[in-house]
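So the structure is just underneath, and the comments pick up after that.
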Protein chains: 2
Amino acid sequence: MEQLRIGIIGIGGMGTHHANYLFANEVPGAKLAAVCDVSPDRLEYAKATFGEDVKRFATPDALFEANAVDAVMIATPHYDHPPLVMEALKRGLHALSEKPAGVYTRQVREMNEAAARSDRVFGIMFNQRTLPIHQKFKELVESGELGAIQRTNWIITTWFRSQSYYDSGGWRATWRGEGGGVLLNQCPHNLDLWQWIAGMPVKVRAFCSFGKYHDIEVEDDVTAYVEYANGATGVFVTTTGDAPGSNRLEVTGERGKIVMEDGKLTFWRTRQNVAEFCRTYKGGFGSPESWKCDIPVAGGGEQHKGITKNWVDAIRKGTPLMAPGAEGINSLTLSNAMLLSAWTDSTVDLPIDEDLFHAELQKRIDTSRFQKKSEGKTLQTKGTFNA
Amino acid sequence: MEQLRIGIIGIGGMGTHHANYLFANEVPGAKLAAVCDVSPDRLEYAKATFGEDVKRFATPDALFEANAVDAVMIATPHYDHPPLVMEALKRGLHALSEKPAGVYTRQVREMNEAAARSDRVFGIMFNQRTLPIHQKFKELVESGELGAIQRTNWIITTWFRSQSYYDSGGWRATWRGEGGGVLLNQCPHNLDLWQWIAGMPVKVRAFCSFGKYHDIEVEDDVTAYVEYANGATGVFVTTTGDAPGSNRLEVTGERGKIVMEDGKLTFWRTRQNVAEFCRTYKGGFGSPESWKCDIPVAGGGEQHKGITKNWVDAIRKGTPLMAPGAEGINSLTLSNAMLLSAWTDSTVDLPIDEDLFHAELQKRIDTSRFQKKSEGKTLQTKGTFNA
């Protein structure tokens, strides 16, 4: 098979990152064949950086019509992910979408249904799934080492953003342009990993503040409580207003607890099943013996490039996807449920009422009085990926 | 002044602990003069342990009538704390109540009103206030080093209890006997420290499970979300079902975050005020510089004996109380609010509706079908204090 010709739709911050490693031939079997952006400045940048061999298009339609690529990576603002994925699949192109899968689950469900009917390979850029520490955490839970889950708790407040960040993109942090704040932009990875490791909850009760630390209209502070089907509970806390913030995921089960913090994975493992100890111990005060175990974690993971390589291998060799596109709906369901819970001041059952969410979102778009203070500016994303 | 003659009402687990250090003359200026317990077995134990010089009474009334003491320590089941404190004050005795201050705030408010009218010294056994790590945390917040608080988060799940613990006391873990579970028995210290360090919230939304991990009717699993008057938010998670559990308090402010865990206090301090950085920084991505500071903490604290010594000094020398009795209503307000929120499945504003809480509690007492499987048994509390 010849080299897979990849087109990138949207070469802002993330798209440019993808373009760079493809152009540098760091993804075996694939090459950067085309880029597409609505901004003439970005196309000028692409011409200067990649030369004439990489074709340039001002609209996705022009790219699709040109038959210049076999596959597309989509790095546009969030709303456009589902329609562009669907159009690509319809044109017989493989697709790799940036996160989030979209802004509202109805749109994403339609995309997933289209993908299920297609024979093309559809992936999503959950680059944090490539990190060995996340894979190991998932493996410890799935293998049963932790026993039945009792509790999850993720404090993920290392997403500090300054006002200048929000002012840098015309689409950022508006209901119309982005459709959400920290849940849609920064947290899709964490929400994905949370459900990837511990499963999806069945109920969500969230408390969101909108424009609490920034002059924006979307949420920049969230505390969510969830319940799982087995009765376990969970907490998810995030913000772009804390510095330096914390990134600490704790999952408790019948065999102790696993904590991920500071790039380390620690398993406090009980010698005996906790529920069994509770039932059979006769001494009044007393706890099961537990051992603090440092869990070995190998290497750093390939992040975005790793997901792109895996997607290319899936196309060329049938390698299983690390991040199947259809799974993007899970983290979006969580963020939609959190917003819907805050908007309606009530507990939300999963799956959510898609139409109600969309209507509530539309209401906020229609009544938005938010005037962006600046036009779009492409930020350097280097060093901003949260591991 | 002669030695203060102290009587202890209730010599179960905690009362016996107090009696032992008083009998060993470890509290300067005070001596164990009398004990009182409804259980003949406990009085036999007292006779065998303390001899004839320590008077024994089968009822509080008999103790009060005998004029044998100047002050009483109250270590009975929770419901009796307020009436016994009020009776002691009425009789001109100083009083030191075990935690919680009571079971419902209406009763405790009446006690506080009586104490305010009295010239006797009324303290409460918040022994964890004696720990230097807690005092230092409070001092860092109060002095303004942390700046305005943005977030608090306490995961306090190190309170594992086995079923045999609950089966050991006839009054334990029933609505009628104890009036609550982990919030009333294990958590008063944490709830007190939480508000002592970070202040009282104004809203509480809690999710409680009742008899989730044990054959009991009261709560053994709680997740609470709170809001403070300045807009800060907080989370409090506790249970007696996790092992080994976590004890991690994080408070975030405009100058970084302070974390207490594993007996250590760490302050990630930003060089610049976070809100100011957010407003003035022009670089898009970027965070304020922060320094990880290990905060020195001296010594281990005197725990219960320290509170008793301080109360005796307050009586004898006018030393300010570390834990004034009137402050017991704060942690009780928090636990009452959490239960009320869970019972009514709604957000509760503080101060709570005292009458509604009491009516809801009474409903549970009236409809309790819980049959305790065993009679009272006095447990050794040694080594069970959570630092």
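The values are calculated or read from the model by the stated rules, or taken from the named source; none is laboratory data. Please read all numbers here as calculations on a predicted model, not as lab measurements. Positions of Cβ are generated from backbone atoms using ideal geometry, with glycine treated the same way; all protein chains shown enter the neighbour counts.
Condition check: surrounded by fewer than 21 Cβ atoms within 10 Å (Cβ to Cβ), away from chain B (no Cβ under 12 Å) and either touching a residue at least 24 places away in the same chain (Cβ under 8 Å) or not charged (D, E, K, R) (or both). Does A:VAL218 satisfy that? Break it down stepwise before answering.
Values: surrounded by fewer than 21 Cβ atoms within 10 Å (Cβ to Cβ): no; away from chain B (no Cβ under 12 Å): yes; either touching a residue at least 24 places away in the same chain (Cβ under 8 Å) or not charged (D, E, K, R) (or both): yes.
Answer is no for this residue.
At pLDDT 60 or above and small (Gly, Ala, Ser): is that true of B:SER368 in this structure? So that I can check it myself, show each step before the final result.
Values: at pLDDT 60 or above: yes; small (Gly, Ala, Ser): yes.
Yes.
Report whether or not B:GLY102 is more than 22 Å from B:VAL218 (Cβ to Cβ) and outside any helix (DSSP H, G or I). No: the conditions fail for B:GLY102.
From the list A:SER162, A:SER168, exactly one residue is within 13 Å of chain B (Cβ to nearest Cβ), in contact with a Cys (Cβ under 8 Å, 6 or more places away or on another chain) and more than 19 Å from A:THR344 (Cα to Cα). Which is it? It would help to see each step written out before you state the result.
On the way: A:SER168 fails: in contact with a Cys (Cβ under 8 Å, 6 or more places away or on another chain).
Testing whether each residue is within 13 Å of chain B (Cβ to nearest Cβ), in contact with a Cys (Cβ under 8 Å, 6 or more places away or on another chain) and more than 19 Å from A:THR344 (Cα to Cα) leaves just A:SER162.
Remark: pairs (first residue in the stretch B:46-64, under 14 Å from B:LEU22 (Cα atoms); second residue among the polar types (S, T, N, Q) and at pLDDT 95 or above; Cβ separation under 7 Å; 6+ apart in sequence or on different chains) are absent. A:LYS212 satisfies every condition listed in (1) of a type outside the set (Phe, Trp, Tyr); (2) in contact with a helix residue (DSSP H, G or I) (Cβ under 9 Å, 6 or more places away or on another chain); (3) part of a loop (DSSP other than H, G, I, E, B); (4) under 17 Å from A:TYR166 (Cα atoms) except (2). For B:ILE74, the conditions (1) closer than 21 Å to B:SER118 by Cβ; (2) among the hydrophobic types (A, V, I, L, M, F, W, C); (3) out of contact with any Gly (no Cβ under 9 Å at 6 or more places or on another chain) are fulfilled apart from (3).
Restricting the stretch B:237-264 to residues that are more than 10 Å from chain A (Cβ to nearest Cβ) and buried (at least 21 other Cβ atoms within 10 Å of the Cβ), the residue that is nearest to the chain's Cα centre (by Cα) is B:THR238. Of the residues that make up the stretch B:293-301, is at least one over 19 Å from the mean Cα position of the chain (by Cα) and within 14 Å of chain A (Cβ to nearest Cβ)? Scanning the stretch B:293-301, I find at least one residue that is over 19 Å from the mean Cα position of the chain (by Cα) and within 14 Å of chain A (Cβ to nearest Cβ), so the answer is yes.
Out of the residues in the stretch A:265-274 that are at the interface with chain B (Cβ under 10 Å from one of its Cβ atoms) and without any contact (Cβ under 8 Å) to a residue 40 or more places away in the chain, which is surrounded by the most Cβ atoms within 10 Å (Cβ to Cβ)? That would be A:THR270.
Determine, yes or no, whether A:PRO77 is modelled with pLDDT under 95 and touching a Lys or Arg at 6+ places or on another chain (Cβ under 9 Å). Before the answer, list the steps.
Details: modelled with pLDDT under 95: yes; touching a Lys or Arg at 6+ places or on another chain (Cβ under 9 Å): yes.
Criteria met by A:PRO77.
Here B:GLY284 meets each of (1) within 14 Å of chain A (Cβ to nearest Cβ); (2) closer than 24 Å to B:LEU193 by Cβ; (3) modelled with pLDDT under 95 with one exception, condition (2).
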